[in-house]
1. Given the structure, is Ser14 outside any helix (DSSP H, G or I), of a type in the set (Gly, Ala, Ser), within 13 Å of the ligand (Cβ to nearest atom) and more than 22 Å from Met154 (Cβ to Cβ)?
2. Considering each of Arg113, Arg121 in turn, give the residue that is within 8 Å of the ligand (Cβ to nearest atom), at pLDDT 95 or above and surrounded by fewer than 13 Cβ atoms within 10 Å (Cβ to Cβ).
3. Tell me which of these Val146 doesn't satisfy, since it passes every other one: (1) over 30 Å from Val34 (Cα atoms); (2) within 10 Å of the ligand (Cβ to nearest atom).
4. Could you give every pair whose Cβ atoms fall below 7 Å, whose first residue belongs to the stretch 166-181 and is in contact (Cβ under 8 Å) with a residue 12 or more places away in the chain, and whose second residue is assigned to a strand (DSSP E or B) and more than 10 Å from the ligand (Cβ to nearest atom), counting only separations of at least 6 or pairs across chains?
5. Looking at the stretch 61-90, I want the residues that are in contact (Cβ under 8 Å) with a residue 40 or more places away in the chain and have a partner that is loosely packed, with under 13 Cβ neighbours inside 10 Å and polar (S, T, N, Q) with Cβ atoms under 7 Å, at least 6 apart or on another chain. Which pairs are those?
6. Run Glu1 past the list (1) in contact (Cβ under 8 Å) with a residue 40 or more places away in the chain; (2) part of a loop (DSSP other than H, G, I, E, B); (3) within 27 Å of Leu179 (Cβ to Cβ) and report the number of the one that doesn't hold.
7. Does the stretch 20-36 contain any residue that is loosely packed, with under 15 Cβ neighbours inside 10 Å, without any contact (Cβ under 8 Å) to a residue 12 or more places away in the chain and assigned to a helix (DSSP H, G or I)?
8. Of (1) surrounded by 18 or more Cβ atoms within 10 Å (Cβ to Cβ); (2) under 26 Å from Val160 (Cβ atoms); (3) more than 17 Å from the chain's Cα centre (by Cα), Leu50 satisfies all except one. Which?
Amino acid sequence: ELTRDQVRLSRRMSLVLRHRPEVAGLTLDANGWVPIADFLAALDISRTELDHVVANNDKSRFAVAVGEDGVERIRASQGHSRRVPVDLDLPPVAPPAVLFHGTPRENLDSILRNGLRPRSRHHVHLSVDVPTALVVGRRRSAEVVVFEVAAGVMAAAGHVFHRSANGVWLTSEVTPEHLSVK
Ligand code: HQG
C-alpha cells in the first residue's frame, strides 16, 4: 500500500519516465532508461522513497537494472507516449490464444469499425484476463466493455506480440476481425 504522497510520486515518475522527461530536465536513453542518481536529483527524492514506490507500486510499473557499465538505471516497463522515442527492445513472444482489452463503452462502435489503435502510445495494451481488462477500462469510465482479442490467430498470421516486464501484452494494432465483445 502506498500513501497518498507516494501515489502522487508514482504518478510523477510515470509522467517523467513515459511522457515528459523534459519537465524534470531529463532525457531517456534509446531504451527508456535514466541513471538512478540523475533521477533522484531531478525529482528531489531519496533512494528510500524511490525503492518504496518501485517495490509497492500496484502494477509494478517501474523496473530497475544495472547496465553493462555498472550504472544503475530506472525505466517505465510500458505505457510510453509515442512522442517519446523509446524502444523497449522486448523480444517477440508467442501470446496466449486469447487476450483482453477493456475500454469505455463509448469507444465500442469506433473500435468495431477501426480496430484497436495505439493512439498516443507506442502499442495497443492488452490484458491477460477479464478482471485486469475491467480495471484498465474503469480508469476512464464506469461503463466498460471488454473485447476478446484472438491473439493466437493474429500471431499465426504474423502479428508480433511483446510482454512487458510487468505482464502487459503489447502489439501494434488489432484489426476488427480479431476482436469480439466479451
Ligand atoms: C481506446 C495503463 C476508439 C482504447 C493500463 C483506450 C494499460 C479506441 C484508449 C496502459 C480505438 C487509449 C494503456 C479506436 C483504441 N476507437 N477508441 N479505434 N483504439 N481506443 O490509456 O489500453 O495504469 O492509451 O480502448 O493498465 O487504456 O498507466 O490505453 O481506451 O496497461 O500503468 O483508446 O495504461 O497502465 O487509452 O491503457 P490508453 P489503455 P498504467
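1. Spelling it out, it is not the case that Ser14 is outside any helix (DSSP H, G or I), of a type in the set (Gly, Ala, Ser), within 13 Å of the ligand (Cβ to nearest atom) and more than 22 Å from Met154 (Cβ to Cβ).
2. Unique residue meeting the criteria: Arg113.
3. (2)
4. Trp169/Leu99; Trp169/Arg163; Leu170/His162; Val174/Val149; His178/Val149; Leu179/Val149; Ser180/Glu148
5. If the second residue must be loosely packed, with under 13 Cβ neighbours inside 10 Å and polar (S, T, N, Q), the pairs left are Ser81/Ser120; Arg82/Ser120.
6. Every listed condition holds for Glu1 apart from (3).
7. Checked against the condition, which is being loosely packed, with under 15 Cβ neighbours inside 10 Å, without any contact (Cβ under 8 Å) to a residue 12 or more places away in the chain and assigned to a helix (DSSP H, G or I), the stretch 20-36 yields at least one hit.
8. It is condition (2) that Leu50 fails.
The values are calculated or read from the model by the stated rules, or taken from the named source; none is laboratory data. On a predicted model such as this, the values are computed, not experimentally measured, just so you know. Every residue, glycine as well, gets a Cβ built from its backbone with ideal geometry; the counts of neighbours run over all protein chains shown.
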